[in-house]
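Each reported figure results from applying straightforward, stated rules to the coordinates on display, with no laboratory input. The structure displayed is predicted, hence computed values, not measured ones. Cβ: placed from backbone, ideal geometry, glycine included. Neighbour counts: every protein chain shown.
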Amino acid sequence: MLDRDQVLHVARLARLELTHDEVERMSRELSAVLDHIETISELDLESVAPTSHVIEIANALRADEPRPSLSREVALAGAPAVAEEGFEVPTPGS
């Protein structure tokens, strides 16, 4: 079972403030999730093909057809900064 310090560490990483009751509840719930993962990891899944859906789905995406969109001027109107006719994105560390 996850202890209080482990739950608080995960909460800090996720930038969450948890009450005492939430810490206790999360300890139980996260421990249950980890127990389920451990059970799944014990299964022999070698012959199970990877899937993205649990049921067969065909043509799940719409056809890729051109359609009207925003003009460049309208799209950039609310941008905090524009450079070379596009959004200006700060460089890492700036």
Checklist entry - Quick one: would you say Arg15 is surrounded by fewer than 10 Cβ atoms within 10 Å (Cβ to Cβ), within 21 Å of the chain's Cα centre (by Cα) and in a loop (DSSP other than H, G, I, E, B)? => result yes
Checklist entry - For the stretch 71-84, does any single residue satisfy the condition of being of a type outside the set (D, E, K, R), within 24 Å of the chain's Cα centre (by Cα) and loosely packed, with under 10 Cβ neighbours inside 10 Å? => result no
Next on the checklist: I need the full set of residues from the stretch 18-45 which are among the hydrophobic types (A, V, I, L, M, F, W, C), exposed (fewer than 14 other Cβ atoms within 10 Å of the Cβ) and either touching a Ser or Thr at 6+ places or on another chain (Cβ under 9 Å) or not in a loop (DSSP other than H, G, I, E, B) (or both), in order please.
Outcome noted: Ala32, Val33, Leu34, Ile37, Ile40
